[in-house]
Amino acid sequence: MGEKEKVTSPNSENMDVLSSTQTVIGNALEKLGYPNEVYELMKEPLRMMTVRIPIKMDDGSTKIFTGYRAQHNDSVGPTKGGVRFHPNVTEKEVKALSIWMSLKAGIVDLPYGGGKGGIVCDPREMSFAELERLSRGYVRAISQIVGPTKDIPAPDVFTNSQIMAWMFDEYSRIREFDSPGFITGKPIVLGGSHGRESATAKGVTICIREAAKKKGIDINGARVVVQGFGNAGSFLAKFMHDAGAKVVGISDAYGALHDPEGLDIDYLLDRRDSFGTVTKLFKNTITNKELLELDCDIIVPAAIENQITKENAHNIKASIVVEAANGPTTLEATSILTERDILIVPDVLASAGGVTVSYFEWVQNNQGYYWTEEEVEQKLEKVMVNAFENIYNLSKSRRVNMRLAAYMIGVRKMAEASRFRGWI
Ligand code: GLU
């Protein structure tokens, strides 16, 4: 394994994100008073497809890639969720990610269940042409189980609007009609929505603002650390900077930058590559581990899973942790932070802005009528503020942390829909 994998690998504690999410689902259903059979239904995806995709590489060789598509629960509606291209993708991770998508859909009240896909590959080491062949090959491999009314993919880690465009084109060719509603996160000219690219970060920004109000912190002048400089992290750093916060730390997979006076975010955005790498250009870097322990008011993990663990949770200095990544805090760390009175805005709430605007994109595709950026932003604002309030209030009234409150709200609609359908 190369050096970069070492820094991106999850911590050994609680590596199994599937069992930790099952634990919280179990707790949420118990609090809501559902019988065990509801847990049995929800603890795993209803469908999980594993595919092997042969791809001709530029050097003439053929490489076989492994891909997955998980469909957690389609009682509420078609399943929905991104596709990630990453060397560390595993079947268990994709399953957990599909469950998280169901929860997000429940939290922001979308007519979807959760789905997720992944391909084990390192796009940083592949050419544009190889990535196109892989994206198209994946769609051919899973075409039978996906579609605008079945399961709607979207971008995730290391996938972007170009990859969505190839997938959309491949699917439309297979079906022999233009099918923009098959996938979201497309370029605007192919039916993408205004505001989709920055939507995850916008949603996170709204959560930060609401959480800061609860904690009596003024965003103007607040010191913020953002881990990860990909789609969510980079837009977020910019939004925070523009709102008057001091972004004192950022990182990518290779290292982190720190300046107690605030980093020059516009300069860093200008220098980052398409995978969000920027720290390689600097000599004076710190590690991702050091980044998380910096003196600051708000930490936003916006990279990958298992970053705040029982090893470092005691050293976190922030009073608010807003999870822009999926699964960045382990269950042990959640308990430690909660005991320390640090407010955690959980991933399934904080990162739900992306799928919310994906839903808006799908609605626009289905009706063939397109909205302005302002319309999209106003609608997103309403959805996120509502979701935050509901979860915050439930966490207070039931005296549970915001993660458990979010899971309780996230599973409720799915459980009801499954019951009405006669599944349980
Ligand atoms: N991959 C994103 C997520 O984890 C977005 C999914 C979507 O837009 O469907 O929420």
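The values are calculated or read from the model by the stated rules, or taken from the named source; none is laboratory data. As the structure is a prediction and not an experimental result, all values here were calculated from the model. So basically every Cβ, Gly included, is an ideal-geometry build from the backbone, and we count neighbours across all protein chains shown. Ligands, DNA and RNA are excluded from the accessible area calculation, which covers all protein heavy atoms including side chains. Shrake-Rupley method; radii C 1.70, N 1.55, O 1.52, S 1.80 Å.
Data for the structure
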quantity: Answer from ALA211, ALA141 - the residue that is in contact (Cβ under 8 Å) with a residue 60 or more places away in the chain, more than 16 Å from the ligand (Cβ to nearest atom) and either closer than 24 Å to GLN367 by Cβ or open to solvent by less than 30 Å² (accessible area, probe 1.4 Å) (or both); calculated: ALA211
quantity: Residue satisfying all of: in region 158-183; farther than 15 Å from TRP362 by Cα and charged (D, E, K, R); least open to solvent (accessible area, probe 1.4 Å) among these; calculated: GLU170
quantity: Number of the exception - THR159 against (1) touching a residue at least 12 places away in the same chain (Cβ under 8 Å); (2) in contact with a helix residue (DSSP H, G or I) (Cβ under 7 Å, 6 or more places away or on another chain); (3) assigned to a loop (DSSP other than H, G, I, E, B); calculated: (2)
quantity: Filter result (among the polar types (S, T, N, Q), away from the ligand (no atom under 13 Å from the Cβ) and over 24 Å from GLU125 (Cβ atoms)) within region 150-197; calculated: SER172, SER179
quantity: Output for region 53-90, where each listed residue is among the basic types (Lys, Arg), farther than 18 Å from ILE183 by Cα and touching a residue at least 60 places away in the same chain (Cβ under 8 Å); calculated: LYS56
quantity: Subset of region 201-220 [within 24 Å of the chain's Cα centre (by Cα) and not in a helix (DSSP H, G or I)]; calculated: ILE219
quantity: GLY147 vs. criteria modelled with pLDDT of 95 or more and surrounded by fewer than 19 Cβ atoms within 10 Å (Cβ to Cβ); calculated: yes
quantity: ASN73 vs. criteria away from the ligand (no atom under 14 Å from the Cβ), in contact with a Gly (Cβ under 6 Å, 6 or more places away or on another chain) and either at pLDDT 95 or above or over 17 Å from SER143 (Cα atoms) (or both); calculated: yes
quantity: Of residues in region 236-262 being crowded, with 23+ Cβ neighbours inside 10 Å and touching a helix residue (DSSP H, G or I) at 6+ places or on another chain (Cβ under 6 Å), the one farthest from ILE286 (Cα to Cα); calculated: LEU236
quantity: Lone qualifier among LYS413, LYS379, LYS396 - being within 16 Å of the ligand (Cβ to nearest atom), more than 22 Å from VAL224 (Cα to Cα) and of a type in the set (Lys, Arg); calculated: LYS379
quantity: Residue count, region 376-412 (criterion: open to solvent by 30 Å² or more (accessible area, probe 1.4 Å), in contact (Cβ under 8 Å) with a residue 12 or more places away in the chain and more than 21 Å from VAL76 (Cβ to Cβ)); calculated: 7
quantity: Of all residues making up region 354-375, the number that are within 16 Å of the ligand (Cβ to nearest atom) and open to solvent by 50 Å² or more (accessible area, probe 1.4 Å); calculated: 2
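Here's the yes/no breakdown for (1) out of contact with any Asp or Glu (no Cβ under 6 Å at 6 or more places or on another chain); (2) surrounded by fewer than 22 Cβ atoms within 10 Å (Cβ to Cβ):
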site	(1), (2)
LEU291	yes, no
ILE298	yes, no
ILE304	yes, no
GLU311	yes, yes
HIS314	yes, yes
GLY327	no, no
ALA333	yes, no
GLU339	yes, yes
